[in-house]
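Peer 1: Provided herewith is a single structure, encoded as structure tokens, for subsequent inquiry.
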Amino acid sequence: MKIAYVLNTYPQPSQSFIRREIQALERRGIEVVRLPMRAPDQVLRDPGDLAEASHCHYVLRAGAARLLWSFLATAVRAPGRTWGAFRLAVHLARVGGSWLRPVIYLAEAAYVLRVVRQEGCSHLHAHFGTNATAVAMLTEALGGPGYSFTTHGPEEFDAPKSLSLGLKVDRSCFAVAVSSFGRSQLSRWASFGAWSRIKVVHCAIEPNRFPAPHALPEGALEVVAIGRFVEQKGQMVLLLALAEAVRTAPDLHLTLVGDGAMRADLEAAVAAHDLARNVTFTGWLPEAGVLDVLARAHALVMPSFAEGLPMVIMEAMAAGRPVLATYVAGTPELVVPEETGWLVPAGDVQSLADALVRMSKEPRSRLQEMGAAARRRVLLGHDVDIEAEKLAGHFATAIKGRAG
């Protein structure tokens with residue numbers, strides 16, 4: 001079996017879950033052709049990302065002339081299919097409010113079609129229900145193999161109509177959600193007849209990367225938050241909560257791992273609330289660095305306003321650390337209150353501050369027990385090889401169905 005993965009910008013530090021999924025499929029003997037539209041615009045530092053980039057065939061590097069030539073050649077060879085794909089692109093343009101992008105997607109799709117035919121790929125799979133899935137859908141319309149796609153959220157669920165999310169599900173061989181919550185959101189926009197083709201395949205971890213957890217450190221409570229510095233991740237709320245919590249727990253310390261557009265705002269908030277001794281910024285860290293930070297922390301804090309199914313929560317749980325998170329999206333499917341962590345309402349500064357103070361007062365033995373329970377839960381339900389086996393089964397069924 002040979003599958004083409006159609007992606008937008010890949011690889012990226014925040015999307016290591018795609019790399020793990022691809023590698024797990026390859027361990028099962030499935031050949032995966034990586035077809036990202038573009039390379040990342042940031043410097044890759046993680047060895048895994050660097051190795052993955054070397055396997056990628058970047059579509060836009062082909063240049064406008066080759067993309068246009070691929071489209072014209074397809075139009076000559078299959079005018080009927082090309083007309084149908086053009087009408088589909090017009091629909092995407094009308095609904096999405098942009099006429100240029102779907103035209104570009106159509107040219108990219110013609111080039112992808114050429115590559116997958118040369119490579120002998122029998123199925124297309126895209127990640128995120130945005131432009132990559134649009135390209136996969138248009139490739140199929142031009143005469144390519146069937147497609148499927150994985151939605152993660154929250155971006156897809158913020159704009160389902162402009163993304164034609166329901167249409168993408170309806171035309172697909174199957175669609176993947178990474179949580180039950182995600183499946184419910186796809187069901188909102190897909191036709192009833194497509195519901196049976198919406199599958200849950202979790203994002204997952206590699207258990208062998210998480211040997212026996214480190215013992216919890218001594219001293220005052222050390223928590224870590226990991227993620228892009230953007231509004232939806234809620235780091236500003238976390239800093240406001242921390243400013244309140246340190247009145248009761250003055251030695252509480254937060255490590256912020258990541259970077260992004262809001263970094264200057266977050267640094268200003270640290271200064272404004274006199275939190276310099278309580279907060280450390282690390283910038284982006286490679287996977288080994290993230291594991292090291294988790295080993296030196298007592299718990300992970302995830303104050304997000306919106307999420308899909310956060311990989312960082314899974315990694316913290318696998319590292320034997322309890323999690324303080326918000327009641328959003330698929331997070332409650334991971335974090336069980338009072339068993340593997342705590343959940344608070346999103347955007348509620350006082351609830352988050354109260355939870356931080358409570359954590360600071362918990363006996364270390366209690367945090368250790370919760371961390372052990374968290375580890376058991378995530379290793380049982382989010383093993384990348386088990387989830388890849390599910391996905392491979394869906395691929396095989398889809399390919400057989402198209403052949404029949």
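The values are calculated or read from the model by the stated rules, or taken from the named source; none is laboratory data. Note that this is a predicted model, so its numbers are computed, not measured. All Cβ positions, even for glycine, are placed from backbone atoms using ideal geometry, and neighbour counts span all protein chains on display.
Peer 1: Of everything in segment 40-51, what is within 17 Å of the chain's Cα centre (by Cα) and of a type outside the set (Asp, Glu)? Give them in sequence order.
Peer 2: Passing the criteria: PRO40, GLY48.
Peer 1: Looking only at segment 258-291, which residues are more than 17 Å from VAL246 (Cβ to Cβ), of a type in the set (D, E, K, R), at pLDDT 95 or above and out of contact with any strand residue (DSSP E or B) (no Cβ under 9 Å at 6 or more places or on another chain)?
Peer 2: ASP265
Peer 1: Please work out if GLU307 is assigned by TED's automatic domain parsing to the domain that holds GLU21, crowded, with 21+ Cβ neighbours inside 10 Å and either at pLDDT 95 or above or closer than 20 Å to LEU239 by Cα (or both). Can you show your working first?
Peer 2: Working: assigned by TED's automatic domain parsing to the domain that holds GLU21: no; crowded, with 21+ Cβ neighbours inside 10 Å: yes; either at pLDDT 95 or above or closer than 20 Å to LEU239 by Cα (or both): yes.
So GLU307 does not fit the description; no.
Peer 1: Which members of segment 5-30 meet the condition of being touching a residue at least 40 places away in the same chain (Cβ under 8 Å) and over 17 Å from the mean Cα position of the chain (by Cα)?
Peer 2: LEU25, ARG27, ARG28, ILE30
Peer 1: Ok, one more. List the number of the failed condition for LEU163; all other conditions in (1) surrounded by 15 or more Cβ atoms within 10 Å (Cβ to Cβ); (2) in contact (Cβ under 8 Å) with a residue 60 or more places away in the chain; (3) more than 30 Å from ARG188 (Cα to Cα) hold.
Peer 2: (3)
Peer 1: Identify the residue in segment 112-160 that is among the aromatic types (Phe, Trp, Tyr) and surrounded by fewer than 24 Cβ atoms within 10 Å (Cβ to Cβ) and, among all such residues, is farthest from the chain's Cα centre (by Cα).
Peer 2: Selected residue: PHE157.
Peer 1: Report yes if some residue within segment 390-402 is in a helix (DSSP H, G or I) and within 27 Å of ASN278 (Cα to Cα); otherwise report no.
Peer 2: Taking every residue of segment 390-402 in turn, none turns out to be in a helix (DSSP H, G or I) and within 27 Å of ASN278 (Cα to Cα).
Peer 1: OK, next. Hey, which of the helices (runs of 4 or more DSSP H) in segment 170-280, taking only ones fully inside, have at least 3 residues that are under 26 Å from ARG366 (Cβ atoms) and of a type in the set (A, V, I, L, M, F, W, C)?
Peer 2: Counting at least 3 such residues, we get 235-245.
Peer 1: What helices (runs of 4 or more DSSP H), lying completely within segment 1-95, carry at least 3 residues that are among the basic types (Lys, Arg)?
Peer 2: Helices (runs of 4 or more DSSP H) meeting the threshold: 16-27.
Peer 1: Condition first: modelled with pLDDT of 95 or more, closer than 20 Å to MET37 by Cα and of a type in the set (Lys, Arg). Now tell me which residues in segment 69-115 satisfy that.
Peer 2: Result: ARG114, single match.
Peer 1: ARG364 fails exactly one of the following numbered conditions: (1) within 25 Å of ARG247 (Cα to Cα); (2) buried (at least 19 other Cβ atoms within 10 Å of the Cβ). What is the number of that condition?
Peer 2: In the conditions (1) within 25 Å of ARG247 (Cα to Cα); (2) buried (at least 19 other Cβ atoms within 10 Å of the Cβ), ARG364 misses (2) alone.
Peer 1: Moving on to the next point. So which of ALA126, ALA136 ends up being assigned to a helix (DSSP H, G or I), closer than 24 Å to SER196 by Cα, touching a residue at least 60 places away in the same chain (Cβ under 8 Å) and not hydroxyl-bearing (Ser, Thr, Tyr)? Spell out how you get there, then give the answer.
Peer 2: Working: ALA126 fails: assigned to a helix (DSSP H, G or I).
Going through ALA126, ALA136 in turn, just one is assigned to a helix (DSSP H, G or I), closer than 24 Å to SER196 by Cα, touching a residue at least 60 places away in the same chain (Cβ under 8 Å) and not hydroxyl-bearing (Ser, Thr, Tyr): ALA136.
Peer 1: Could you say which residue among ALA325, ALA297, ALA374 is assigned to a strand (DSSP E or B) and either small (Gly, Ala, Ser) or out of contact with any Pro (no Cβ under 6 Å at 6 or more places or on another chain) (or both)?
Peer 2: It is ALA325.
Peer 1: Among the candidates SER187, SER172, which residue alone is without any contact (Cβ under 8 Å) to a residue 12 or more places away in the chain, under 27 Å from GLU387 (Cα atoms) and of a type in the set (Gly, Ala, Ser)?
Peer 2: SER187
Peer 1: Would you mind telling me which numbered condition in (1) among the basic types (Lys, Arg); (2) surrounded by fewer than 15 Cβ atoms within 10 Å (Cβ to Cβ); (3) touching a Ser or Thr at 6+ places or on another chain (Cβ under 9 Å) ARG61 fails?
Peer 2: Failing condition for ARG61: (3).
Peer 1: Just to be sure before I move on: is LEU356 buried (at least 24 other Cβ atoms within 10 Å of the Cβ), in contact (Cβ under 8 Å) with a residue 60 or more places away in the chain and more than 21 Å from the chain's Cα centre (by Cα) in the structure I sent?
Peer 2: Taking the combined requirement at face value, the residue satisfies it.
Here's the yes/no breakdown for (1) touching a residue at least 24 places away in the same chain (Cβ under 8 Å); (2) more than 26 Å from ARG375 (Cβ to Cβ):
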residue: GLY227; (1), (2): yes, no
residue: LEU239; (1), (2): yes, yes
residue: GLY260; (1), (2): yes, yes
residue: ALA272; (1), (2): no, yes
residue: MET302; (1), (2): yes, no
residue: VAL323; (1), (2): yes, no
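Peer 1: Among the residues of segment 244-292, write down those that are out of contact with any helix residue (DSSP H, G or I) (no Cβ under 8 Å at 6 or more places or on another chain), surrounded by 19 or more Cβ atoms within 10 Å (Cβ to Cβ) and of a type in the set (A, V, I, L, M).
Peer 2: VAL246
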